[in-house]
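Values in this text are rule-based calculations from the coordinates and carry no lab data. Keep in mind it's a predicted model, so treat the numbers as computed, not measured. Note that each Cβ is placed from the backbone with ideal geometry, even for glycine, and that neighbours are counted across all protein chains shown.
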Amino acid sequence: MPGRGAQELMAVGHARPLVMAAATTLEMRAALKNLEMREAPADVPQRGAVRTLLAGREALLLVTGVGPVNAALEMGRVMGRFDISGVIHVGLAGGFDARLAPLGSAVLALAETYPEYGVAQDDGLAGTAGFPFAQWERGERKIFQRIELQPDAAAKALELALPPEIGRGTFVTVPGVTGTAQRARELVSRHGALAENMEGFAVALAALSVDVPYLELRTISNEVGERDRDKWAFKEAFDRLSSVTAGLFA
């Protein structure tokens, strides 16, 4: 697998590459399974970026590592070296409502939320009322906990085809996954959460900071708060990720 040295050698080029980001090699390989690419999926790095042709397009395959800090670090490295054209963020997620996001289904982010930012409340989540420090601002726009996303506009700008029937809603990004049903209920009540992940807000904010389209698509592997992995649907989620990602480039 290419390491940092291989990544350096492959950082030469003039076209603005599209970033496909995933937290782990398992998620990236699943996303690439049905896509035509110059580099075989086995060449996906354990961490960092490798440049390739993805379905005929100049692309960077970026494995960020797990969690918002890792995601921010790797996106920063990429944006410091490349003038990127956009970001497709793929992976698995936990679902909050089996009716809206059943196991094995695919969901799109209409917003990314970071519920830990601000001042901690009695329920363990944070609030930003009266908190003066935005995570990002430009002109009158300030981002504290929530980034509104436009998947249809992003797909059009990146010339991608969204599945006609796919769940959509608010994603929450957490540094520690939800381990109890009570916290799951609080995230739904406070933020209207549909799916939980550990990297989305960081990658979405990075894309926003350089004004490029961002599209986040995930498949549901487990119910949020359920830690019995015998009840998780890894195979179904990985299979769905392979098919739905390939469909983007149809």
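Of all complete DSSP H helices in the chain, not one has a Cα span along the helix axis of 18 Å or greater and a mean Kyte-Doolittle hydropathy of 1.0 or more.
Here the sum of -39500 (n - 2.57) over DSSP H runs of 4 or more residues, divided by the residues of the chain, equals -8500 deg cm²/dmol at 222 nm, to the nearest 500.
Is the shape of the stretch 25-136 rounded, prolate or oblate, going by the alpha carbon gyration tensor and its root eigenvalues a ≥ b ≥ c, with a/c under 1.5 for rounded and a/b larger than b/c for prolate?
Judged from the Cα gyration tensor, the stretch 25-136 comes out oblate (a/c at least 1.5, b/c at or above a/b).
For chymotrypsin sites (Phe, Trp or Tyr not before Pro), no site in the stretch 192-246 is both called loop by DSSP and has at most 14 other Cβ atoms within 10 Å.
Assuming 0.36 nm per residue, please report the length gained on full extension of the stretch residue 73 to residue 153 beyond their Cα-Cα distance.
26.1 nm
A protection proxy built from the mean count of other Cβ atoms within 10 Å ranks the segments 106-112, 121-127, most packed first, as 106-112, 121-127.
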